[in-house]
Amino acid sequence: MKLADLYARSPVAVQNVFASGYGLRERVRRYGGTYKELVHELQLHQWATPEELQADQLARLREQLAWCGREVPHYRDQFRQLGFDPRDVTSVDDLTALPLLDKEVVRADPDRFVPDRNPPKLIAQTTGGTTGTPLRYWASVDAVRFNYAAYEARTRRWAGTRFGDRIASIHGQPIVPADDQSGPFWRRNLAFNQLYLSVYHLNDANLPAYIAELESFDPHAIAGYTSAVHRIAQHILESGNLGRVSPSCILVSSETLTPAVRRDMEQAFGCRVFNGYSLGELVAWISECPEGSMHVSTEYGVVELVDGPAGSEIVATGLNNRAMPLIRYRTGDLATASDEPCRCGRHLPVLSSLTGRVDDVVRTPEGSVIGPAPMSLAFQRVPRLRRAQVHQDSVEAIRILLEPAPGFSEDDAAFLDRELRKRLGTTLRIDYEYVDAIPRTSGGKERLVVSSLGRSPIPG
Ligand SMILES: [Zn+2]
């Protein structure tokens, strides 16, 4: 029997032991060896000058490219064909001599991205399966430790919390069987001082139990998918339960954080929200500092913004994973750059906003492509609308799922229609459908747009 099957068939008390056992193994893997030195280094290096940051990033990039050209079949062939020599790289901008890398290319033949002569020990990573099947992806032990060191030094510490503090997590691990509707919908991981709550069982019927459990666990921090933490916040606001759950900070990631959603969470929990962005492919680490800026950790990856029809896409090159290096990898996530220096005094580059997914676009019969930012703004402006999701299978029409809050009226619906018409024009047909809950992806996330019309290519 596979371990996952055995877990699923065990009683909750045994599952808690499993969760803690998993935690113990992971604790060694993530926080053993060089982990503490890495946290220390990253703590010091956050105050480096722009010149020091650039020189450090260039050195890491040259090393990573040299490894790729020597050990990794895909890049060995590519560099030879293009006449690209990593030793000639004198600036991060020299990366543009290499093509963008689509996830599909990696998925088609993942083994060609793994070193064939000196492979490090491979650790399977979970990657976001927001569209289609997730990518099979591996990391080295060093890359995993670097990843958790970045989480500690650049996310938790910036938010005023640290490893070992009581933390409640709401992410995509399937810790509770999908058909279990009686609960409990959470497990304890003692090795991490963590309460892990299932994202898949969050619904109106179960939310009071989630809130009671959070109240009794009394976490120092709550970390989770933006939509999941927001759902709990909305329930607290709607049911007048303010103050029952009062952590010191909220860490959200993996989905777009709008100002309205941030406001809801800060009101419901009475603390600051810190946004973060990273991927299972370990190519970028972007996190919010105490002054509210999203800083790129230059030691972790090279982040470029490449313009396309839906906006500028994050294209990233991971600098630490020798097990499956990705160079100029298209993340499918949109962002805008900022030249404003941050008041916190760190010179790590800043992104002014993360605006959604490249695939979150609606196409109109006139040929327009409407990106996620204006769509999400239209929904945000509507009172008493909890959330919405757009489905598009032809350029003629879209279907919008609406999850209304109590008191949602005909006037609200008419207002929404006007807001959408301003952005989408009048020829596109819009059908509305009311649902109890917006469906989640297999990874437990929420999508703004589910479209079968395909990803927009980047010109050039
Ligand atoms: Zn800052």
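Numbers for the structure displayed
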| item | result |
| --- | --- |
| Cα-centre dipole for the chain with unit charges at Cβ (Lys and Arg positive, Asp and Glu negative), debye to 20 | 1020 |
| Theoretical ellipticity at 222 nm over the chain - DSSP helices of four or more residues, -39500 (n - 2.57) apiece, nearest 500 | -10000 deg cm²/dmol |
| Cα pair distances exceeding 22 angstrom across the stretch 134-235, given as percent | 36 |
| Magnitude of the charge dipole, the stretch 362-451, Cβ model with Lys/Arg +1 and Asp/Glu -1, debye to 20 | 360 |
| Overall form of the stretch 1-157 per C-alpha gyration tensor (a/c, 1.5; a/b vs b/c) | oblate |
| Distance in nm between pseudo-label sites at Glu238 and Ala212 (7 Å out along the Cβ direction from Cα) | 1.9 |
| Gyration tensor (alpha-carbon) shape descriptor, the chain, a/c threshold 1.5 | oblate |
| Calculated from backbone phi, Karplus (6.51, -1.76, 1.60) coupling profile of the stretch 93-98 in Hz, x at Gly/Pro | 5, 5, 4, 5, 5, 9 |
| P(r) of the stretch 362-451 over all Cα-Cα pairs, binned every 5 Å from zero, in whole percent | 3, 14, 25, 27, 18, 9, 3, 0 |
| For the stretch 382-460, with +1 on Lys and Arg beta carbons and -1 on Asp and Glu, the positive-most of Thr427, Gly444, His391 along the dipole | Gly444 |
| Global geometry of the stretch 335-406, whether rounded, prolate or oblate, following the gyration tensor of its Cα atoms and the 1.5 cut on a/c | oblate |
| Modelled label reach - Ser246, point 7 Å along Cα→Cβ, the stretch 155-183 residues with backbone N closer than 19 Å | 160-161, 166-168 |
| ³J(HN,Hα) computed for each position of the stretch 254-267 - Karplus, 6.51 cos²θ - 1.76 cosθ + 1.60, integer Hz, glycine/proline x | 6, 9, 5, 10, 8, x, 5, 5, 4, 4, 4, 5, 5, 5 |
| Diffusion coefficient, µm² s⁻¹, Stokes-Einstein with Kirkwood Rh over alpha-carbon pairs of the stretch 255-411 at 20 °C and 1.002 mPa s | 122 |
| Share antiparallel - DSSP beta bridges, the chain, percent rounded to 5 | 60 |
| Estimated dipole of the stretch 121-218 in Debye, rounded to 20 [Cβ of Lys and Arg +1, of Asp and Glu -1, Cα centre] | 600 |
| FRET efficiency estimate (nearest 0.05) - Cβ-Cβ, Lys121 to Tyr434, R0 51 angstrom | 0.50 |
| Loop chymotrypsin sites (Phe, Trp or Tyr not before Pro), the stretch 1-55, which have at most 16 other Cβ atoms in a 10 Å radius of their Cβ (DSSP) | Trp47 |
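A short reminder: the numbers here are calculations on the coordinates, not readings from a lab. Only a predicted model underlies this, so the values are computations on that prediction, with no experimental measurement involved. Note that we place each Cβ from the backbone using ideal geometry, even for glycine, and neighbour counts take in every protein chain shown.
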